[in-house]
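Worksheet for the structure shown next.
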Amino acid sequence: MSVATLLETLDLEETVEGTYRTRNFDTGERGFTFGGQLLAQFVVASARTEQDKRVKSAHAVFARPVLVEQEAEISIDTLQSGRSFASVSASLSQGGKECSRALVLLTSEEPDLIRHAAEMPDVPTPEELESEPSGANRETSENVRIVGDVDILDTDCIGDPGMQVWMRWPDAGEDPAVAQGLLTHGSAGFLIGCALRPHPGVGQSAAHVEFSTGIIAHSVSFHELFDARDWLLYSQRSTYSGRGRAYGIGEVFTRTGQLVAGFSQESMIRHFPKGVSSAGRENTVL
């Protein structure tokens, strides 16, 4: 998905107070909306509802697939809004059914009592790396840099279940809520590939063809403000896979080494139900 298209998905239309119409675009997800996009929209909608605070964390569960070709709607329900924190529930519905729900914590700024942070891995700068060749178009590929000889699409490219990726969104603007949405979208795209890396014959290019994969839950926590127009390093790894599921975690750093966010993901990686191939979309749904 290009930067311009992704920004369109985060430009939510408020139909009534606390309710937003979403724009969805097909990104090769079999006609389904990418889970990272849905959580990014939850983050932006929550920030729009509680404008005196910023999003601290968001956790979403994707219970039903969201179809690209149908309109969807996000509703925000404020559970609590105080001086330091606010908590909201965000729900996305399509065709009269609730498809996904998130709990979002928002926070005001407070001074440090203590401070420490994880250190950024020692990796090449984005300028030292080539553009990601698997990008859908030139604009996308120029804004993604994968560290090392890693190709998560190649079923024969075997390695440890982790990777580092530089990403940026040059046209993001200065809205911190949009920046958080963009970071969220980027955090959801590589952890399934990380889980597949140690296992021969199951690269991401075989997903939805030889086996079924999908994000079932995703969480993101924001620590510091950041500029999404500059490079961010996603350092991520899958710490478990088995029983048809996988789990992964990651951190996001600025190019100066500041830790700005963390994330985790629960995913499904399994045989097709009843051993059926992916001839029809219905064989890959949750």
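Computed from the coordinates by the stated procedures, all read-outs in this text should not be read as laboratory data. The structure displayed is predicted, hence computed values, not measured ones. Please note: Cβ atoms are built from the backbone with ideal geometry, for glycine as well, and neighbour counts cover all protein chains shown.
Computed from point charges on the beta carbon alone (+1 for Lys and Arg, -1 for Asp and Glu), the dipole magnitude for the chain about its Cα centre is near 1120 Debye. Farthest towards the positive end of the charge dipole of the chain, among the residues Thr78, Gln164, Ser131, is the Cα of Thr78, using unit charges on the Cβ of Lys, Arg, Asp and Glu. Kirkwood analysis of the chain, using all unique Cα-Cα pairs, places the hydrodynamic radius at 19.3 Å.
Charge tally for Thr254 (other residues, Cβ to Cβ under 9 Å; Lys, Arg +1; Asp, Glu -1): -2. Only Lys, Arg, Asp and Glu carry charge here, each on its Cβ (+1 for the first two, -1 for the last two); on that basis region 27-97 has a dipole of about 280 debye about its Cα centre.
What FRET efficiency would be calculated for the residue pair Arg115, Asp11, taking the C-beta separation as r and a Förster radius of 22 Å, to the nearest 0.05? Calculated value: 0.05.
Modelled spin-label separation between Gln70 and Tyr240, with each label point placed 7 Å from Cα along the Cα-to-Cβ direction: 3.3 nm.
Per residue, the average separation of C-alpha pairs within less than 8 Å and at least 6 apart gives the chain a relative contact order of 18 percent. Spin-label model, Asp77 to Thr254: label points 7 Å out along the Cα-to-beta-carbon direction sit 3.8 nm apart. Of the residues Phe62, Ser87, Thr107, the one whose Cα sits farthest towards the positive end of the charge dipole of region 57-114 is Phe62 (charges of +1 on Lys and Arg Cβ, -1 on Asp and Glu Cβ, taken about the Cα centre). The protection proxy used here, the mean number of other Cβ atoms lying within 10 Å of each residue, ranks peptides 206-212, 253-259 as follows, highest first: 206-212, 253-259. Legend: P(r) of region 120-279 from all alpha carbon pair distances, 5 Å bins from 0, whole percents, reading 2, 9, 18, 21, 20, 16, 9, 4, 2, 0. Comparing Ala118, Gly193, Phe253 along the charge dipole axis of the chain, the residue lying farthest to the positive side is Gly193, per the Cβ-charge model. Taking a sphere under 12 Å around the Cβ of Gly173 and counting the other residues whose Cβ falls inside, with K and R at +1 and D and E at -1, yields a net charge of -4. Quick check: Cα centre of region 2-19 to Cα centre of region 238-266, how many Å? Between the Cα centres of region 2-19 and region 238-266 lies a distance of 26 Å. At q = 0.09, 0.15, 0.19, 0.22 Å⁻¹, what log₁₀ I(q)/I(0) does region 13-136 have when each alpha carbon counts as one equal point scatterer in the Debye sum? Rounded to two decimals, the profile gives -0.36, -0.81, -1.00, -1.14. Secondary-structure-derived ellipticity at 222 nm for the chain, considering helices only, amounts to -4500 deg cm²/dmol, per-run term -39500 (n - 2.57) for DSSP H runs with n ≥ 4. Computed from the alpha carbon atoms alone, the convex hull of region 69-213 holds 192 Å³ per residue.
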